[in-house]
Amino acid sequence: MWKRHWGLSRDPFPDGGSSYVALPSHVEAESRLVYSIESAHRLAVLRGEAGLGKSTVLRRALAKARRSGRRIALAADPIEPVGLWNALADRLGAPAAESPSDRAASWRRLERAVQVCALEGRRVVLAVDGAEALWNECDSTRADLLRLAQLDGGSATALLAVRDAEGGEQALEPTPVWTLAISLTRLTRSEVERYLNEKLAGSGCVDALFTPRAIVRLHALASGVPRGLDRLASLSLMAAASRGVEVVSSEVVDDAARECQVPLR
């Protein structure tokens, strides 16, 4: 009902799978990841808070970098090194693991998989989405993660997407000097307006449904985080439609945030 009220063909702000908005910071991060792959850099780390779009940027970069002479392996949300190494080896087509819990055997399996690709004339890209469990755990665990960039003498490129800890303290931790560090930041007020309008346009609405003051409130309440912005914008559209109004005001946004009290990040 609420989508019909606004003339929308679908929900502009669904949880996951929503349309991509090419914001400058995302485009730059994506381009730098692709550059890392094309230039055969050993390691690039994409950093940012939860909900800023790291997964989307990483996957778009990998899609752009696909070539016949390149093998890409992507693993998500690893919780321990051995499981990560086996997951990447699986994606490279390695033979089944005889001892999947054996640390040394798991590393050798991944090494062999990378070496086979090299013999076939294909450079390997190892991507890890949600690497923070290993990155922020301890020095030894991080070292296990960084070993990916040293496989076969550094012939593989490792791309890591890492969520910063709350407060951003982890963002200041040192990384190897050969690391390309890429950061995603929160959206500005003008970026929020563009983000909202493009997502609405992608759902069939060319009108500006949020008043300028509503956009200010959305930006403030979601702290410039796209994931929180998606959730609050959807709730506000539903609330305004139930009231039968033609635009979403700042009062509606405040009411939606206060009544639902959902975590925005």
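The values are calculated or read from the model by the stated rules, or taken from the named source; none is laboratory data. This structure is a prediction, so every number in the text was calculated from the model and none was measured. As a convention, Cβ positions derive from the backbone with ideal geometry for all residues, glycine included, and neighbour counts pool all protein chains shown. Just so you know, the surface numbers come from the protein's heavy atoms only, side chains and all, with ligands and any DNA or RNA stripped out. Shrake-Rupley method; radii C 1.70, N 1.55, O 1.52, S 1.80 Å.
Evaluated with a Cβ-only charge set (Lys, Arg +1; Asp, Glu -1), the range 7-166 carries a dipole of roughly 800 debye about its Cα centre, given to the nearest 20. Accessible area per residue for the chain, computed on protein heavy atoms with a 1.4 Å probe, is 47 Å². Apolar share of the accessible surface for the chain: 51 percent from carbon plus sulfur atoms, 1.4 Å probe. With both labels modelled 7 Å from their Cα along Cα-to-Cβ, the Thr141 to Arg194 distance reads 3.7 nm.
Within the same chain, lysines fewer than 8 places from Lys64 are excluded, and of the rest, those with a Cα less than 26 Å from its Cα are Lys54, Lys199.
Peptides 143-151, 128-136, ordered by how many other C-beta atoms sit within 10 Å of their residues on average, highest first, read 128-136, 143-151. When the inverse distances between all different Cα atoms of the chain are averaged and flipped, the Kirkwood radius reads 20.2 angstrom. For the range 56-164, averaging the sequence separation of C-alpha pairs within contact (under 8 Å, six or more residues apart) and dividing by the residue count gives a relative contact order of 30 percent. Only Cα pairs under 8 Å and 6+ residues apart enter the sum, and on that basis the relative contact order of the chain stands at 27 percent. Straightening the chain between Ala63 and Ala181 buys 40.5 nm, computed as 0.36 nm per residue apart minus the Cα-Cα spacing. With contributions of -39500 (n - 2.57) from each DSSP H run of at least four residues, the per-residue ellipticity at 222 nm computed over the chain stands at -14500 deg cm²/dmol. Does the range 99-140 classify as rounded, prolate or oblate by the C-alpha gyration tensor (a ≥ b ≥ c root eigenvalues; a/c under 1.5 gives rounded; else a/b over b/c gives prolate, otherwise oblate)? Judged from the Cα gyration tensor, the range 99-140 comes out oblate (a/c at least 1.5, b/c at or above a/b).
Note on the chain: GNM, Cα springs under 10 Å; of Val245, Val82, Val114, the largest mean-square fluctuation is that of Val245.
Across the range 31-112, C-alpha contacts under 8 Å between residues 6 or more apart give a mean separation that, scaled by the residue count, equals a relative contact order of 21 percent.
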